[in-house]
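Each remark here refers to the structure printed beneath this line.
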Amino acid sequence: MGRHAVKGAIVFTVIVTIQVLPVFVDNFVAITRYNAKNSRKEAGVVRFDFFQELDKPENFRLVEIYRDQADQAAHQQTAHYAKWRETVAPMMAAERRRVFLRNLDPTDAEWK
């Protein structure tokens, strides 16, 4: 099991916090919408949501929900993710932060 794996977990969630340089906000939104749209087509992706802070428009969150950790790893091997990662690298004002979450409610069995 990987270092973030939860034994028996079916639903695997990652929340990514991103801060971009203000000059890149529009470009970041465009490439991240591309990544999110294509990510939602992946079989193991339950949800892939993209948020922007109202008070600090250079701050964003990605809420990624996968069937399991293997699906999250597979996502990181896709062409659209590679394109996104390469494109956004010079836009970053700070290093991306990720939090890995265990599902509590609704239960894994209740996810569709």
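None of the figures in this text is laboratory data; all of them are computed from the coordinates on show. These numbers were taken from a predicted model, which means no experiment stands behind them. When we count neighbours, we look across all protein chains shown, and the Cβ atoms used for this are built from the backbone with ideal geometry, even at glycine.
Spin-label model, Arg85 to Lys56: label points 7 Å out along the Cα-to-beta-carbon direction sit 2.5 nm apart. Which residue fluctuates the most in the chain, going by a Gaussian network model with Cα springs under 10 Å, if the choices are Arg61, Arg96, Arg47? The residue that fluctuates most here is Arg96.
Stretched out straight at 0.36 nm per residue, the stretch from Asp49 to Thr17 would grow longer than its current Cα-Cα span by 10.3 nm. Over all projection directions, the Cα-based convex hull of the chain averages an area of 7.4 nm².
Applying 1/(1 + (r/R0)^6) with R0 = 41 Å to the Cβ-Cβ distance of Leu104 and Asp26, what FRET efficiency is obtained, to the nearest 0.05? Efficiency computed from Cβ-Cβ geometry: 0.65.
Maximal additional length on extending the Ala74-Ala93 stretch stands at 4.2 nm, based on 0.36 nm per residue less the C-alpha distance.
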